[in-house]
1. Once the dipole of the stretch 37-277 is set up with Lys and Arg at +1 and Asp and Glu at -1 on Cβ about the Cα centre, which of Ile160, Pro100, Thr277 lies farthest towards its positive end?
2. About its Cα centre, how strong a charge dipole does the stretch 74-223 have in debye, to the nearest 20, once Lys and Arg get +1 and Asp and Glu get -1 at the Cβ?
3. Under the 0.36 nm per residue contour assumption, what length would be gained going from the current alpha-carbon distance of Arg203 and Val27 to full extension?
4. What's the extension gain from Tyr230 to Leu9 if we count 0.36 nm per residue and subtract their Cα-Cα distance?
5. Round to a whole angstrom and tell me the spacing of the C-alpha centers of the stretch 237-263 and the stretch 5-23.
6. Can you compute the charge dipole magnitude of the chain about its Cα centre, using +1 on each Lys and Arg Cβ and -1 on each Asp and Glu Cβ, nothing else charged? Give it in debye, rounded to the nearest 20.
7. Using a Gaussian network model of the chain with C-alpha springs under 10 Å, which one of Ser141, Ser244, Ser283 is most mobile by mean-square fluctuation?
8. Based on the mean of other Cβ atoms within 10 Å per residue, sort peptides 170-180, 200-210 so the most packed one is first.
Amino acid sequence: MIFKRKFLLRSIVELIVFALLIALLAVIQLVMPLKYTQQIVILTYHRVSDNMPNPWDSRETVTPQQFREHLAFLKDHGFHVMALNDALTTLQDPQKAITPNSVVLTFDDGDRTYAENAVPILRDFQYPSTEFIIGKASLFSKKDYLSWPEIRDLAKDPLITLHSHTFNAHATIQAEGKTYFATDPLYLPREHQMESPSDYQRRILHDFKQEQDLFQKYLGRNDNVIALPYGHAAKSFISLAQESGYSYVLTQDRTQANYHKVDPTHIFRLDVGNRITDTSRLSLLLKGLTSSGPLHGIFWLKVKYNQILFDFSPRF
Ligand SMILES: [Zn+2]
């Protein structure tokens, strides 16, 4: 009995020592300079504005001042800000070297604050960026979204690339007490049943066609890169996207950065476009994402299980 208790005590002490060692290693990694190789980090933003009328706006809006500070941070710390298309081709070709501390800047939804507030700052730094367009929103909404003629004008800037964010599958629908993503088969309330696989396929293929037609009409080209709305899609959505010409699918999975030979239909992105991400948090997120060992383990756990280490902030 005494032997058993002693053994248990020793195990507990060993476990505590081990945990402290891991924590110490993580702290050492935290104070080391932010340097990574063989990885490309793709950052996500949505809106860039001082105007945040809705309570949830701070979750997807950075102020212009904050955005300028992000870019100054990247510049001052010697980051290599590269265009998305260059990053995607580099990742697929192991012969192409990845510059250390590579970063890509992307924006979702075609919000007009991108053109009004982000682009002038991006031009000051001469940094390339990509905006993902929701075709239908840009076709009909004058207030919040860039119009297609405005998108055509933006495309003349060699620093700007436009890509797809679906035509009209960027929505969630509430039915029967559940949330359905428009990128998945939908619940049809009138029929009291789920959309059939063939109807789903027809709807999604038609959605991609409408988006591709707009790219042809306004930008004179087909598109090959799509960012998933809400980072969410059924498996069949991905194969239908490939069938429709999208070779690259960008997710909102931020459990790791992108390495050579990353699955082109599952490109990782790190969302930093919210009010609480100041430059010290940006640095922390980049470190957690790109480091190996204990720090990455903690970051990964946080991301996966929504624990509190990195995202917790009373300021939200
Ligand atoms: Zn979106």
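What follows draws every value from the coordinates through simple rules; no lab data is involved. These numbers were taken from a predicted model, which means no experiment stands behind them. Positions of Cβ are generated from backbone atoms using ideal geometry, with glycine treated the same way; all protein chains shown enter the neighbour counts.
1. Ile160
2. So the dipole magnitude of the stretch 74-223 works out to roughly 280 debye.
3. My answer for the length gained is 58.4 nm.
4. 74.8 nm
5. Result: 42 Å between the Cα centres.
6. So the dipole magnitude of the chain works out to roughly 1140 debye.
7. Answer for the Gaussian network model of the chain: Ser141.
8. Descending packing order for the listed peptides: 200-210, 170-180.
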